[in-house]
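Data block below; observations after.
Here, each number is a calculation from the coordinates, and none is a lab measurement. What you are looking at is a predicted structure, and each value in this text was computed from that prediction instead of being measured. Glycine also receives a Cβ, built like all others from the backbone with ideal geometry; neighbour counts cover every protein chain displayed.
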Amino acid sequence: MRIGSLAHSAGVTTKTVRFYEQAGLLPEPPRTPSGYRDYPPESADRLMFIRGAQVAGLTLAEIRHVLAVRDSGQAPSGPDADLVAGLLRQVESRLAELAHARDTLRALAAPPPGGPARSGDASRSDAPGDRPDRPAPTGA
């Protein structure tokens, strides 16, 4: 898979892919005879993990360490297991914070009980024909 396709499938830019490669988070892929990077399909999952881990607050060094543990094919033990467990607690804490923020925003976005929909409510439509005062156009 070429770098542009990989970047698109992972939701990042090609510059980000190159950065992660240089930072040791993404293995350097083989190259095609014409010199293009040829990433294996699993690289997209790896990129999505890296981005998600960053959003959860992990540092690049922590992510690099976790990936090295995963790439070893062995179950983490000793200090590696402690690190993974600590990072998992950190991610779960962040998820709880985000869930609370989501619930607060949902409550703000909900129409008041028995009241009219708010102006930004997705259930309200201003499309022609959807309201009695705005009939749908006729003819072509």
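Test of the criteria: in region 12-69, which chymotrypsin sites (Phe, Trp or Tyr not before Pro) are in a DSSP loop and have at most 15 other Cβ atoms within 10 angstrom of their Cβ?
Counting only loop positions with at most 15 other Cβ atoms within 10 Å, the chymotrypsin sites (Phe, Trp or Tyr not before Pro) in region 12-69 are Y36.
Counting Lys and Arg as +1 and Asp and Glu as -1, what is the net charge of the other residues whose Cβ lies under 12 Å from the Cβ of A99?
On the way: positive: R94, R102, R106; negative: E92, E97, D103.
The answer is 0.
Report the semi-axes of the equivalent ellipsoid for region 3-109 in whole Å, largest first, where each axis is √(5λ) for an eigenvalue λ of the Cα gyration tensor. Working shown, then result.
Values: eigenvalues 168, 90, 18 Å².
With the √(5λ) rule applied to region 3-109, the semi-axes are 29, 21, 9 Å.
Remind me, relative contact order of region 3-109 in percent, using alpha carbon pairs under 8 angstrom and six or more residues apart?
Working: 64 pairs, mean separation 21.8, N = 107.
Averaging sequence separation for qualifying contacts and normalising by length gives 20 percent for region 3-109.
Would you tally the net charge around A85, using a Cβ to Cβ cut-off of less than 14 Å, leaving A85 out, and scoring K and R as +1, D and E as -1?
Combined, the nearby Lys, Arg, Asp and Glu give -3.
Would you please give the FRET efficiency between Y36 and Q74, computed as 1/(1 + (r/R0)^6) with r the Cβ-Cβ distance and R0 = 22 Å, to the nearest 0.05?
In this case the efficiency is close to 0.10.
Find out how many positive minus negative residues lie around Y20, taking Lys and Arg as positive, Asp and Glu as negative, among other residues whose Cβ is under 11 Å from that of Y20. Could the numbers behind the result be given before it?
Values: positive: K15, R18, R46, R51, R64; negative: E21, E28.
Result for the local shell: +3.
What are the extents of the Cα atoms of region 1-63 along their three principal axes, listed from largest to smallest and rounded to whole Å?
Rounded to whole Å, the extents work out to 39, 20, 18 Å.
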